[in-house]
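Notes for the one structure printed next.
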Amino acid sequence: MELHALTIHELQDKLRSGETTAADVLASVYDRIAAVDDKVHAYITLTKEAAELQAAAADAAIRRGEMGELTGVPIALKDIFCTRGVPTTCGSRILADFIPPYDATVVGKLRAAGAVFAGKANMDEFAMGSSTETSYFGVTRNPWDLDRIPGGSSGGSAAAVAADECIASLGSDTGGSIRQPAALCGVVGMKPTYGRVSRFGLVAFASSLDQIGPFTKDVEDCAILMNVIAGYDPRESTSVDIEVPDYRSFLDRGVAGLRVGIPKEYFIAGIDPEIRTAVETAIGVLEKGGARLVEISLPHTEYCLAVYYIVAPAEASSNLARYDGVKYGFRSPEGRDLLDMYKHSRSAGFGDEVKRRIIIGTYVLSSGYYDAYYKKASQVRALIRRDFDQAFAQCDVIATPTSPTAAFRIGERTDDPMQMYLSDILTISANLAGIPGISVPCGFTGDGLPVGLQFLAGHFQEGLLIQAGAAYETLAATRSLIARYKREKMSLS
Ligand code: GLN
């Protein structure tokens, strides 16, 4: 297999043994990018020169026998992470020229582990969207079918991994933005517990919901990246000081005796029948592997979308107030006075979806409406969280579909925000409750589009997600299924 198609752990074996070099791996990834990225458009910025220096440093470290967790591994970063000296656009015109003077904590951690940064991946503007169509820098296409979206908002990060334009990547997830694109692109994506990974240097969308997590080709790589990025950060006040386990130690535990909760509210009308069948088949595989299925109920599920679309825009409207044409990024040359300059800069700097969120958020926070909307939503959010606490008294993990449908066509939902918002109906609850979730590939539709299986677990139980995900991956032999589909159905070059 070509180097760019390998996983982190496969590459590390080859690097350690001297069978290949970090420079060769990077060259292979850049050849792949050159061959396919004009079709996929996973990247906003490529950082080839800096990456070559990082790869040379990695090779020198390997020669000295100093191999870190990610030495020589090309990683893509969603363009929402501050990267010192490298543009960080957040998919927006308003930050098109923004070059941060510092690294996000996760970026620093990857650097310290020896990673090589291939580039900055495309995303929906300010991470608002489910299709990567709201990016100021153009749409990303799904490598499995170039007429379709890759999911969003971390669509570039997911597509880059699926198309082998990097070995793994990082994204962020506020309502599903890691898990949903992972499902739609046929890769593994994890949203950790709120507080597990530092958000320092992550451009804020909705601060009580945002989390950073990995996209990988298999669950073992997910564990490797989690080992690197998880942990307390004194610079981030919501990061939690709880010991980080070795996530790799969960890989081989299997599912025998694991109690898998099946929430009846997640297998409703509106889930595409093919998705439902694929996920039910996957759950059958778990049961055969020794898992114990438990029917559970999450009674406040029907309120999740409504609560999210109050809380997230409310927080976004206040977070995005800082983009005023003065402190950061784009400033309109028009404007007769200060207020007028603000108005022109924000009008021209933000796209329609971001403006829609700012308007909703400002409305639900305004005096007279605050109690009816934001306060009420916060109360219902507590009930949603309680649903999960009660469910996890009966089961270890919960299994659901990740997305109600497979990848939809480009343009299909852009004129109908409600249709777009429904893409995240199965992922949003984890963000509202602060719990971790993972999406692992579980087969394909008749059209050859990937389907994702979501596992959810209690706070700080990412290990259980790795355990369940890895066990499923082995039982269902998904790695070889994907490799076969890739050979037969993915025609990128
Ligand atoms: N699609 C959801 C939204 O538009 C979630 C996005 C995300 O997780 N960043 O808000």
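The values are calculated or read from the model by the stated rules, or taken from the named source; none is laboratory data. The structure displayed is predicted, hence computed values, not measured ones. Every residue, glycine among them, receives a Cβ derived from its backbone with ideal geometry; neighbour counts consider all protein chains shown.
Any residue in the range 408-432 that's without any contact (Cβ under 8 Å) to a residue 60 or more places away in the chain: show its pairings with residues that are small (Gly, Ala, Ser) and near the ligand (Cβ under 10 Å from one of its atoms) at Cβ separation under 6 Å, as long as the two are six or more apart or on different chains.
From residues that are without any contact (Cβ under 8 Å) to a residue 60 or more places away in the chain, there are no pairs.
Looking at the range 377-479, what helices (runs of 4 or more DSSP H) fall wholly within it and have at least 2 residues that are among the polar types (S, T, N, Q)?
Numbers: elements: 417-421, 428-433, 462-475.
Per the criteria, 428-433, 462-475.
Give the residues of the range 392-425 that are touching a helix residue (DSSP H, G or I) at 6+ places or on another chain (Cβ under 6 Å) and away from the ligand (no atom under 12 Å from the Cβ), sorted by residue number.
Within the range 392-425, Asp396, Val397, Ala399, Thr400, Pro401, Thr402, Ala407 meet the criteria.
Of everything in the range 147-165 that's over 12 Å from the mean Cα position of the chain (by Cα) and farther than 24 Å from Leu6 by Cβ, which residue is farthest from the ligand (Cβ to nearest atom)?
So the residue we want is Asp147.
Quick one: which of Asp97, Asp79 is in contact with a Pro (Cβ under 9 Å, 6 or more places away or on another chain), more than 30 Å from Gly446 (Cβ to Cβ), in contact (Cβ under 8 Å) with a residue 40 or more places away in the chain and crowded, with 24+ Cβ neighbours inside 10 Å?
Working: Asp97 fails: crowded, with 24+ Cβ neighbours inside 10 Å.
So the residue among Asp97, Asp79 that is in contact with a Pro (Cβ under 9 Å, 6 or more places away or on another chain), more than 30 Å from Gly446 (Cβ to Cβ), in contact (Cβ under 8 Å) with a residue 40 or more places away in the chain and crowded, with 24+ Cβ neighbours inside 10 Å is Asp79.
Kindly indicate which of Lys355, Lys327, Lys343, Lys288 is within 30 Å of Leu475 (Cα to Cα) and either over 25 Å from the mean Cα position of the chain (by Cα) or charged (D, E, K, R) (or both).
Values: Lys355 fails: within 30 Å of Leu475 (Cα to Cα); Lys327 fails: within 30 Å of Leu475 (Cα to Cα); Lys343 fails: within 30 Å of Leu475 (Cα to Cα).
Only one candidate qualifies: Lys288.
Mind checking whether some residue in the range 250-266 is in contact with a helix residue (DSSP H, G or I) (Cβ under 7 Å, 6 or more places away or on another chain), without any contact (Cβ under 8 Å) to a residue 60 or more places away in the chain and either surrounded by fewer than 24 Cβ atoms within 10 Å (Cβ to Cβ) or part of a loop (DSSP other than H, G, I, E, B) (or both)?
yes
Condition first: in contact (Cβ under 8 Å) with a residue 40 or more places away in the chain, among the acidic types (Asp, Glu) and under 29 Å from Met490 (Cβ atoms). Can you find one or more residues in the range 35-56 that meet it?
Looking through the range 35-56, at least one residue is in contact (Cβ under 8 Å) with a residue 40 or more places away in the chain, among the acidic types (Asp, Glu) and under 29 Å from Met490 (Cβ atoms).
Of Gly175, Gly213, which residue is within 12 Å of the ligand (Cβ to nearest atom), crowded, with 24+ Cβ neighbours inside 10 Å and in a loop (DSSP other than H, G, I, E, B)?
On the way: Gly213 fails: in a loop (DSSP other than H, G, I, E, B).
Going through Gly175, Gly213 in turn, just one is within 12 Å of the ligand (Cβ to nearest atom), crowded, with 24+ Cβ neighbours inside 10 Å and in a loop (DSSP other than H, G, I, E, B): Gly175.
Provide a single number: the residues in the range 380-435 that are of a type in the set (Asp, Glu) and more than 15 Å from Glu133 (Cβ to Cβ). Show your work before the answer.
Taking the range 380-435 first, the residues of a type in the set (Asp, Glu) are 387, 389, 396, 412, 415-416, 424.
With more than 15 Å from Glu133 (Cβ to Cβ) added as a condition, the list becomes 387, 389, 396.
Selection size over the range 380-435: 3.
Where in the range 40-150 are there strands (runs of 3 or more DSSP E), lying fully within it, with 3 or more residues that are out of contact with any Asp or Glu (no Cβ under 7 Å at 6 or more places or on another chain), under 24 Å from Cys222 (Cα atoms) and among the basic types (Lys, Arg)?
Numbers: elements: 43-46, 74-78, 116-121.
No strands (runs of 3 or more DSSP E) qualify here.
Only residues that are among the hydrophobic types (A, V, I, L, M, F, W, C), within 16 Å of Asp221 (Cβ to Cβ) and without any contact (Cβ under 8 Å) to a residue 12 or more places away in the chain: list them for the range 1-32, please.
Keep residues of the range 1-32 that are among the hydrophobic types (A, V, I, L, M, F, W, C), which gives 1, 3, 5-6, 8, 11, 15, 22-23, 25-27, 29.
Subset that is within 16 Å of Asp221 (Cβ to Cβ): 1, 3, 5-6, 8, 11, 15, 25, 29.
Result: Met1, single match.
Results for (1) at pLDDT below 95; (2) assigned to a strand (DSSP E or B); (3) buried (at least 17 other Cβ atoms within 10 Å of the Cβ), shown as yes or no for each residue.
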{"residue": "Glu274", "(1), (2), (3)": "no, no, yes"}
{"residue": "Ala282", "(1), (2), (3)": "no, no, yes"}
{"residue": "Glu287", "(1), (2), (3)": "no, no, no"}
{"residue": "Val294", "(1), (2), (3)": "no, yes, no"}
{"residue": "Pro299", "(1), (2), (3)": "no, no, no"}
{"residue": "Ile310", "(1), (2), (3)": "no, no, yes"}
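I'm told Ala204 meets every condition in (1) surrounded by fewer than 24 Cβ atoms within 10 Å (Cβ to Cβ); (2) more than 17 Å from Gly437 (Cβ to Cβ); (3) of a type outside the set (Phe, Trp, Tyr); (4) more than 13 Å from the ligand (Cβ to nearest atom) except one. Can you identify the failing condition by its number?
It is condition (4) that Ala204 fails.
With the structure loaded, tell me whether Thr445 is among the hydroxyl-bearing types (Ser, Thr, Tyr) and either touching a Lys or Arg at 6+ places or on another chain (Cβ under 8 Å) or without any contact (Cβ under 8 Å) to a residue 40 or more places away in the chain (or both) or whether it fails that test. So that I can check it myself, show each step before the final result.
Details: among the hydroxyl-bearing types (Ser, Thr, Tyr): yes; either touching a Lys or Arg at 6+ places or on another chain (Cβ under 8 Å) or without any contact (Cβ under 8 Å) to a residue 40 or more places away in the chain (or both): no.
Taking the combined requirement at face value, the residue does not satisfy it.
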